[in-house]
Every structure is written in C-alpha cells, then in structure tokens.
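J.: Before I ask anything, here is the structure I am working with.
The values are calculated or read from the model by the stated rules, or taken from the named source; none is laboratory data. These figures come from a predicted structure and were not determined experimentally. A quick note on method: Cβ atoms are made from the backbone with ideal geometry, for glycine too, and the neighbour counts reach across all protein chains shown. Each accessible area value is taken on the protein alone, full model and side chains, heavy atoms only, with ligands, DNA and RNA left out. Shrake-Rupley method; radii C 1.70, N 1.55, O 1.52, S 1.80 Å.
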Amino acid sequence: MHKITIAIDGFSSTGKSTVAKRLAKALGYVYVDSGAMYRAVTFYAMQNGLIETNCFDKEQLIEQLDNIQINFKFNDDLGFAEVYLNGENVEKNIRTLQVSQFVSQVATVSEVREQLVLQQQNFGKHKGVVMDGRDIGTVVFPDAELKLFMTASAEKRALRRYDELLERGDDVSYEDVLTNVQTRDHIDSTREDSPLSMAKDAIKVDNSNLTLDEQFELIYKLALNKINECN
C-alpha cells in the first residue's frame, strides 16, 4: 500500500505527540517528535550554561551546534522511541517545566531551526512517517499528503500539562504551567523564523472537548481516507 507523510502541527500541550505516536503505531509508520529535538538542544544549552532566566548566549549555542547529536532509539518496553543527546538518554530530562520555559526561545534561533529541519526532512524522505511540531506542514513537509493543525483552549492545555507533570512527580503549580503555555503560544506565533501557523491545506482539530480515544479515532479515519485516496 502506498505510504504517505502525515504532518501534525499545533499549539503546545494539545496532545500532538500522544496522538502522533498512536497513529504511527496503528499505521506501521515511523514517528518523529520534532519538538523533542528542540527540547534536546535546549537541554544542551542549559547543561552548558548558555541559557537561564534573563540570559541567552545565542552566538555560543550557534557555534556549538556541530557538537549536538540527536538520535531516536526505539524502546520495546515503552513502545516508542526515546531521545538521545550525544549518546545519553534524555527522554525524561527534556520533559520538565524548566526546559519548557526556554525551548521556545531556542526555537527562534534560525541556525538551530535550519539544522534540525534538515535532519527532520531526512527522517521523512522515504514517506511512511508521522511527524509533529510547529512548522511541519508549512516548512518541513510542505508537500505532506495529510496536514493536521491541533488546538485547544490555553486553560484546557495547561490543565492537561499540569496533570502530566504531577503524575511524573514534578513539583509545579497550575498557575505556573498556564503562564508557560501562554508565553510559549506568544513566542511560537510571533517569532520571525517559521512562526506557528496553520497551513492553508491543513485540517483543524480542536480537541478541547475530545477524549484521547475520540481524538485518535477522528484522526485515524482522516489518515485512512487520505491513504485510500492516494492508492
């Protein structure tokens, strides 16, 4: 059966990665979490003292980009690929609120985006890929056969993210998570390089009032319909 490229974009904490993983597994496709790649670069910057509150040494980060190697390794026990930064598993490290506070700033750096976009395009050169992020349908895969744009209210997204962080054992407040979501929305939507925007041919999915299963069934049906159209 002919394979397609599926691009899933949208605001932070809309469940893009969750549904993309499940969709890729159901279709037998490769899943790539582009946001995790930006988080890994952000974690590297934090580890090396290049970014902290009110201080971001962009030039040093740009100079050190060649020292940053990001890979995905499938974990059979977990059922998805984990992120490795320079050979170290950083899957848990990159999901913290601390990384979330800086990742949108790192993603505004054109040189960072340019390098990661090339890697992302390489991941998808053989089709049969589901990739989620902020600019997948507009920049990484403008010719993707299926483009989705996911959204939900900031309050609903913050609550989901807050519950997720609590379940991980992180000590956070709902107010801090909501502020982070709103700040990231603003930075992602107003940055000069590849701002968050819905591709003209994308299908908008507002999951404010959808369960995970309802959301998956809707998107899975859209994917099957598109695959059938392409065969």
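J.: Rounded to the nearest 10 degrees, what's the angle between the helix 174-190 long axis and the longest principal axis of the chain, both from Cα atoms, 0 to 90?
T.: 80
J.: Under the rule a/c < 1.5 gives rounded, and otherwise a/b versus b/c splits prolate from oblate, where does segment 141-231 land using the Cα gyration tensor?
T.: Numbers: a/c = 2.89, a/b = 1.51, b/c = 1.91.
Oblate shape, in that a/c is at least 1.5 and b/c is the bigger or equal ratio.
J.: So how do His126, His2 rank on accessible area, 1.4 Å probe, biggest first, that is with the largest at the start? Write out the running numbers ahead of the final one.
T.: Numbers: His126 145, His2 85 Å².
The ordering from most to least exposed comes out as His126, His2.
J.: Cα gyration tensor of segment 28-161, axes a ≥ b ≥ c as square roots of the eigenvalues: rounded (a/c below 1.5), prolate (a/b > b/c) or oblate? Intermediate results must be reported in sequence, preceding the final value.
T.: Details: a/c = 1.39, a/b = 1.28, b/c = 1.08.
Judged from the Cα gyration tensor, segment 28-161 comes out rounded (a/c under 1.5).
J.: Moving to a separate point now. If you average the sequence gap of Cα pairs under 8 Å that are 6 or more apart and divide by the length of the chain, what percent do you get for the contact order?
T.: Computed over the chain, the figure is 34 percent.
J.: What figure, in Å² to the nearest 10, do you get for the accessible area of Thr179 with a 1.4 Å probe and non-protein molecules left out?
T.: Roll a 1.4 Å probe over it and Thr179 shows about 80 Å².
J.: Going Cα to Cα from Lys125, which aspartates and glutamates come in below 19 Å? Please leave out same-chain ones fewer than 8 positions away.
T.: Cα-Cα hits under 19 Å: Asp9, Asp33, Glu114, Asp135, Asp143, Glu145.
J.: Hey, another quick one. I'd like the orientation of helix 16-27 relative to the chain: the angle between its Cα long axis and the longest Cα principal axis, in ° from 0 to 90, rounded to 10.
T.: 40
J.: Sticking with this one: Once the Cα atoms of helix 154-168 and of the chain are each reduced to a long axis, what angle between those two axes, in degrees from 0 to 90 to the nearest 10, is obtained?
T.: That helix lies at roughly 70 degrees to the long axis.
J.: Tally Lys and Arg at +1 and Asp and Glu at -1 over the other residues with C-beta under 11 Å from the C-beta of Phe72: what net charge comes out?
T.: Values: positive: Lys73; negative: Asp33, Glu82, Glu91.
Its environment carries a net charge of -2.
J.: Given a cut-off of 27 Å, name the pairs among Lys58/Lys127; Lys3/Lys204; Lys21/Lys58 whose C-alpha atoms lie farther apart than that in the structure shown.
T.: Values: Lys58/Lys127 34 Å; Lys3/Lys204 22 Å; Lys21/Lys58 32 Å.
Checking Cα-Cα distances, Lys58/Lys127; Lys21/Lys58 exceed 27 Å.
J.: Among the GluC sites (Glu not before Pro) in segment 117-209, which ones are in a DSSP loop with at most 15 other Cβ atoms within 10 Å of the Cβ? Mind listing them? Can you show the working numbers first?
T.: Working: sites: Glu145, Glu155, Glu164, Glu167, Glu175, Glu192; in loops: Glu145, Glu192.
Sites meeting the loop and neighbour criteria: Glu192.
J.: Per DSSP helix of 4 or more residues, -39500 (n - 2.57); summed, then divided by the residues of the chain. What does that give at 222 nm, rounded to the nearest 500? It would help to have the intermediate numbers written out before the result.
T.: Numbers: 8 runs with 108 residues, N = 231.
Theoretical 222 nm ellipticity from helices: -15000 deg cm²/dmol.
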